[in-house]
Amino acid sequence: MEKRALIAFVLSMAVFVAWSYLFSPTRPEQTEAPTQTTGETDKEQARPQAETTTRTANGTPAEKATPIPQPEQARDVTVRTDLYTAVFTEWGGRLKSLTLNKYRTTNTPDSPAKELVYVASMADLPLAVYLNNRPQADLKQGIFKTDKVELDLRGDGRNGTIEMTCDTSNGLRVVRRYTFTPDSYLIGLKVSLINHTGAAIEDNLVLEMASDPITRKERYAGFAAWLDQKLLEIKPKDLEDEMAKLKKDTYRLNWAGYQDQYFLAAVLPGDQEHTRVTAAPMDNQGVRVGFVSTAFNIPAEGKRSIDYQVFYGPKDYKVLKTMNNELDRSIYLGWFDILSKPLLIFMTWLHQYIGNYGVVIIIVTILIKILFWPLTAKSYKSMKGMQKLQPKIMKLREKYKDDKEAMNREMMQLYKAFKVNPLGGCLPMVIQIPVFIALYRLLDYSLELRHAPFWLWINDLSTPDRLFDLGFKLPLMDPPTGIPVLTLLMGASMFITQKMTPTPGDPTQAKIMMFMPIFFTFIFINFPAGLVLYWLVNNILSIGQQYYINKSPS
């Protein structure tokens with residue numbers, strides 16, 4: 001029973017790790033370059049040209065998404081804060097570019113700032129507005145005259161605003177007022193509708209945002225929303241089916257938008273109780289999200305204003321938590337989120353004093369090992385006791401091979417006589433599973449490890465460990481192709497751990513256990529270096545603990 005339980009535990013861990021790697025949805029790499037709406041090409045991007053029929057956020061066909069040249073009379077408006085640089089265009093009053101000052105596109109010295117507006121055509125630029133019952137082009141392609149073309153809030157503690165106004169041919173005036181805070185990623189947006197048409201307007205206002213796939217590997221990218229105190233995360237391919245289930249007449253919408261592993265773009269409606277969210281996939285696997293206001297009636301010469309907040313920024317737990325608007329819920333670390341979040345807080349606190357996340361991972365691994373030392377020691381001792389009983393167990397199996405009931409009864413008597421618990425080696429390990437999974441998810445998902453260097457050739461703990469770039473491709477290895485030093489050391493340490501662990505009496509089980517280091521090495525070859533570092537350090541500590549127990553008196 002002990003051996004089978006141990007095998008089951010190890011295989012469960014192997015299946016968990018393999019499933020996380022093999023079955024996380026990824027998007028195949030594209031080779032065509034995208035149509036950029038802003039500056040330099042994002043090297044993380046590889047999108048097809050958008051020459052496809054798109055849909056509005058509510059799923060109805062929209063204009064063909066062919067690249068639309070920006071009218072010459074439409075000017076750009078540049079807003080600079082300490083956190084980001086945003087560029088708006090008078091064409092539709094939309095957001096054209098938003099780059100983050102503290103984050104780079106790639107981990108190279110000359111890499112440009114991280115761009116969060118990803119569209120292949122100006123027709124898809126985010127923050128478009130339109131009325132449900134009127135031609136969309138009136139506002140989506142209208143010219144919103146701005147009151148200024150530059151706003152620099154760097155080093156300035158004061159808020160700043162830009163106001164953009166569009167007068168349609170039928171007498172409707174729409175004013176968009178953006179409010180910026182120098183030290184916040186939140187942008188205020190007030191849309192005011194002024195009715196000069198001579199008749200009452202009954203309609204809904206729709207605010208729309210869209211994004212192409214944000215990164216080349218889409219393990220975490222897609223639609224996200226905090227709705228009725230629950231997190232919705234939906235991949236583009238599942239959007240139509242999942243959104244069809246959202247048929248409730250009323251719900252509370254805190255925010256919705258799209259995300260990837262490290263960044264989030266979201267809209268927070270001012271009227272959370274009555275704003276309805278819609279979402280539809282784009283043909284290039286992007287996402288189009290709409291925010292539909294409650295129906296309103298604006299009398300002739302009347303006015304109606306609708307408020308939003310817009311967030312474009314990093315999924316930094318500390319930053320999002322202080323906003324008190326549920327955006328921190330976008331950071332969901334799996335079943336054991338309740339353990340992962342405290343670990344994340346502790347790691348970021350520790351990093352303030354150490355300055356190297358690789359060292360932080362080592363310290364956290366040591367502390368966890370110390371915490372579980374008594375349980376692990378008990379497990380090793382139990383396995384050692386079981387190993388000593390193997391000759392007697394084999395004799396009982398041979399003697400009672402035709403009477404399993406008698407064999408089990410005699411075995412229990414044997415365990416009792418020698419004070420050995422057949423599950424004593426496995427249960428302490430099972431207790432540690434939640435902490436293992438919590439730390440695993442944290443290290444695989446954490447923004448803090450993005451572009452975080454460790455030592456020597458390891459300059460990014462969020463990417464696979466590679467020494468040298470061999471310049472060619474190998475099966476099972478994500479580019480760049482290089483020597484996965486940490487992964488090989490991890491496999492070797494796992495092999496040593498297996499050699500030091502009491503061997504199961506069953507030859508088949510022994511072979512399975514010895515195969516595990518090879519299996520894990522292949523699985524971990526494309527895992528983030530930070531995660532491999534944790535596993536390596538944990539194995540080294542386990543080797544030391546096993547050596548100590550093996551040398552101690554029985």
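Just so it is clear, none of the values below were taken in a lab; they were calculated from the coordinates. Worth saying up front: this structure is predicted, and the values here are computed from it rather than measured. Every residue, glycine among them, receives a Cβ derived from its backbone with ideal geometry; neighbour counts consider all protein chains shown.
What is the gain in length, in nm to one decimal, between Ala492 and Ala137 on full extension, counting 0.36 nm per residue of separation less the C-alpha to C-alpha distance?
In short, 121.5 nm is gained.
For Leu367 paired with Ile345, estimate the spin-label separation in nm (one decimal), with each label point 7 Å from Cα along the Cα-to-Cβ line.
1.2
So, in nm, how far is label Leu246 from label Arg158 when the simple model puts each one 7 Å beyond its Cα toward the Cβ?
Once both label points are built, they end up 4.0 nm from each other.
Which chymotrypsin sites (Phe, Trp or Tyr not before Pro) in segment 70-155 sit in a loop by DSSP (not H, G, I, E or B) and have at most 13 other Cβ atoms within 10 Å of their own Cβ?
Here no loop site has a sparse enough neighbourhood.
What's the FRET efficiency of Met514 with Ile543 using the Cβ-Cβ distance as r and R₀ = 22 Å, to the nearest 0.05?
0.85
Which FRET efficiency value, to the nearest 0.05, is calculated for Phe418 and Trp455 with the Förster distance at 41 angstrom and r the Cβ-Cβ distance?
Approximately 0.30, to the nearest 0.05.
Which FRET efficiency value, to the nearest 0.05, is calculated for Lys404 and Leu470 with the Förster distance at 60 angstrom and r the Cβ-Cβ distance?
So, using R0 = 60 Å, E works out to roughly 0.60.
Among the lysines, select those whose C-alpha is under 24 Å from the C-alpha of Lys102, and discard any that sit fewer than 8 residues away in the same chain.
Reachable lysines: Lys43, Lys114, Lys217, Lys315, Lys318, Lys321, Lys341.
How far is it, in nm, from the label point at Gln352 to the one at Trp335 when both lie 7 Å from their Cα along the line to the Cβ?
With each label point 7 Å from Cα toward Cβ, the separation is 3.4 nm.
As an exercise, identify the GluC sites (Glu not before Pro) in segment 239-296 lying in DSSP coil whose Cβ has no more than 16 other Cβ atoms within 10 Å.
Glu273
Just flag the GluC sites (Glu not before Pro) in segment 66-152 sitting in loop per DSSP whose Cβ has no more than 13 other Cβ atoms within 10 Å.
Answer in residue order: Glu72.
Give me log10 I(q)/I(0) at q = 0.09, 0.10, 0.18 Å⁻¹ for segment 358-551, Debye formula, one equal scatterer per alpha-carbon, no solvent.
Calculated log10 I(q)/I(0) at the listed q: -0.44, -0.53, -1.22.
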